[in-house]
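Notes for the one structure printed next.
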Amino acid sequence: MQQLERLWAYQKEDIKVTRYEGEMRAYPMRTKLLRLRNLVADQQTLVKGMEKDAGSSLEKLEEMQRVHGELLRQVEEIAGTLEDENAFPTAAQAHKALAQLQEAETKLRGFEKELARMARDSQHIGTRYREIRQKAMKAREEYTKLKAQYDLELAKQNERLALLKEEREKAAEGIDSALIERYMAIKGQSFPPVATLNGDQCSGCNMSLPAVVMQTIRAGESISECENCGRILIPPQE
């Protein structure tokens, strides 16, 4: 019986620790800091992706400019040849050269339209890139400032948590280690792990208990667990 009474006292201190840890995790400044951290990380990923895309677009633009230059030279050469009346012995050859000129000019106009489109896209991407970088820098600055404030508050919270854990450790003195291990195993499934009798019911899950189980619990001669929720059961406590 003494072991169960001590376990009950231990649970009271453990509840304080567990609840305070929950309060620390839900602390508004911490929640905001995590959101900012994720925002900064997302924006940095976006910036890197845009930089990679910009590099690929630049390579494509340079290649198109090279092809455009070649087409322009081709058009100029054919046009120059057509101006020479003696360049083509037959009319068929002249018509062929004219057709080549028209084809080259068509390709050239298509490339010029594509280059213009890519130039507009590049300008838009550049503007968007600068906007995202500015937002990322602003979020980073806000994160750094808030983290400095939170670190000061966290130090105070950790001091408080350390005191609560110290009280819990004191309450654990005299309790069999196997019982503490069982308590922690149940805690992973049900919290709090220790429940009292409430009439003929487990106060943890409110399920009725067999009479023989209640007798064993009241006698306090052995450790009993609820058949439904698995909690350690003890007689009613003040």
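The values are calculated or read from the model by the stated rules, or taken from the named source; none is laboratory data. These figures come from a predicted structure and were not determined experimentally. Here the Cβ positions follow ideal geometry from the backbone for every residue, glycine too, while neighbour counts run over all protein chains shown.
Evaluate the following for Gly69: is it closer than 18 Å to Thr127 by Cβ, loosely packed, with under 12 Cβ neighbours inside 10 Å and either assigned by TED's automatic domain parsing to the domain that holds Glu131 or not hydrophobic (A, V, I, L, M, F, W, C) (or both)? It would help to see each step written out before you state the result.
Values: closer than 18 Å to Thr127 by Cβ: no; loosely packed, with under 12 Cβ neighbours inside 10 Å: yes; either assigned by TED's automatic domain parsing to the domain that holds Glu131 or not hydrophobic (A, V, I, L, M, F, W, C) (or both): yes.
When the stated conditions are applied, Gly69 does not pass them.
Between Leu34, Leu39, the distinction of being without any contact (Cβ under 8 Å) to a residue 60 or more places away in the chain and assigned by TED's automatic domain parsing to the domain that holds Leu154 belongs to Leu34 only.
The single condition among (1) free of Cβ contacts under 8 Å to residues at least 40 places away in the same chain; (2) more than 37 Å from the chain's Cα centre (by Cα); (3) not in a helix (DSSP H, G or I) that Arg218 does not meet is (3).
Are any of the residues in segment 109-117 modelled with pLDDT under 75 and either closer than 27 Å to Lys32 by Cβ or in a helix (DSSP H, G or I) (or both)? Yes: segment 109-117 contains one or more residues that are modelled with pLDDT under 75 and either closer than 27 Å to Lys32 by Cβ or in a helix (DSSP H, G or I) (or both). Just to be sure before I move on: is Asp151 part of a helix (DSSP H, G or I) and either touching an Asp or Glu at 6+ places or on another chain (Cβ under 7 Å) or over 18 Å from Gly55 (Cα atoms) (or both) in the structure I sent? Answer is yes for this residue.
Scanning for something in contact with a Gly (Cβ under 9 Å, 6 or more places away or on another chain), surrounded by 14 or more Cβ atoms within 10 Å (Cβ to Cβ) and over 29 Å from Gln43 (Cβ atoms), does segment 146-165 turn up at least one residue?
Of the residues in segment 146-165, the ones in contact with a Gly (Cβ under 9 Å, 6 or more places away or on another chain) are none.
No: zero hits.
Taken together, the residues in segment 177-235 that are out of contact with any strand residue (DSSP E or B) (no Cβ under 8 Å at 6 or more places or on another chain) and either surrounded by fewer than 14 Cβ atoms within 10 Å (Cβ to Cβ) or within 21 Å of Arg19 (Cβ to Cβ) (or both) amount to 22.
Mind checking whether some residue in segment 168-180 is touching a residue at least 40 places away in the same chain (Cβ under 8 Å), among the β-branched types (Val, Ile, Thr) and touching a Gly at 6+ places or on another chain (Cβ under 8 Å)? Checked against the condition, which is being touching a residue at least 40 places away in the same chain (Cβ under 8 Å), among the β-branched types (Val, Ile, Thr) and touching a Gly at 6+ places or on another chain (Cβ under 8 Å), segment 168-180 yields no hits at all.
Answer yes if at least one residue in segment 11-21 is in a helix (DSSP H, G or I) and either touching a strand residue (DSSP E or B) at 6+ places or on another chain (Cβ under 7 Å) or among the aromatic types (Phe, Trp, Tyr) (or both), and no otherwise. Within segment 11-21 (the criterion being in a helix (DSSP H, G or I) and either touching a strand residue (DSSP E or B) at 6+ places or on another chain (Cβ under 7 Å) or among the aromatic types (Phe, Trp, Tyr) (or both)), the answer is yes, since at least one residue qualifies.
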